[in-house]
Amino acid sequence: MHSNHIHFWRRNEKYDDKIFANQLNITEEPLHATSVTSCGRLCSNLRKSSAFSFMKNVCYCYDSKPTDRFVFTTMGGVVYYSEEPVAKYIECADKIYTYLGDVDLCIKVYSDGRNSTDAADKCRSDGGHLITLDTAEKLHAFSEFATKYTAYHIGLENIEGRWEWTRDSTLVFDPSLWNANEPNGQSVSPPELCGAFFRGSDINGMPGVADVPCCIPFHFVCEL
Ligand SMILES: [Ca+2]
């Protein structure tokens, strides 16, 4: 699954009054911190940090959560925190995205026109990506939000003749997602090397994807 969940520190009394240093600590020496909050902030800035303990001005950042198997030193007054993933729908609401529970997608539709590169940049600045609509279920779920006869940039690109989802190139592109008569390479210069969501190109208004020029500004859809 995606590793895009944000995290927060949760107080974990279970390991209070214990120091797990020398087995789990990320830095050789404990860090100096003036409060639990600043200790948490220091540890958040260290890659891989997923737990910490704090006492007075002494802050240990751990690279994994202690378990009962680990050796510890007893030290009264130590408080212990560990990192917990935030549920996706909470993260979604925090960033003013819309959560589509049926397909577990957290999306935002932008209606200012951008080319594919600028659209991807905007999604990244939200901490996300251009949306991956790799299944018919996701296409249909998103189509509720899409205006008919309007193209939306999504995270699909033609890389050396192969259609790839930009977020995860190991996902296999399902050709049944194409709109009727797509991909048609209608424009030659610029070539149609980006995939866009489009609804309404056939008589049933079925949602699907179409090949479009990457440089043309369209609405776009980000997901977290
Ligand atoms: Ca086309």
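Where a number appears in this text, it was derived from the coordinates with a stated rule and is not lab data. Everything numeric here is computed off the predicted structure, so don't read it as measured data. Don't worry about glycine lacking a Cβ; one is built from the backbone with ideal geometry, like all the others, and counts go over all protein chains shown.
Of note:
- Residue within segment 132-149 that is more than 21 Å from the chain's Cα centre (by Cα) and over 19 Å from L105 (Cα atoms) present: yes
- In the set (1) surrounded by fewer than 22 Cβ atoms within 10 Å (Cβ to Cβ); (2) in contact with an Asp or Glu (Cβ under 9 Å, 6 or more places away or on another chain); (3) of a type in the set (G, A, S); (4) assigned to a strand (DSSP E or B), G127 fails one condition alone, (4).
- Residues (farther than 23 Å from I90 by Cα and of a type in the set (D, E, K, R)) located in segment 4-54: E13, K14, D16, D17, K18, E28, E29, R47
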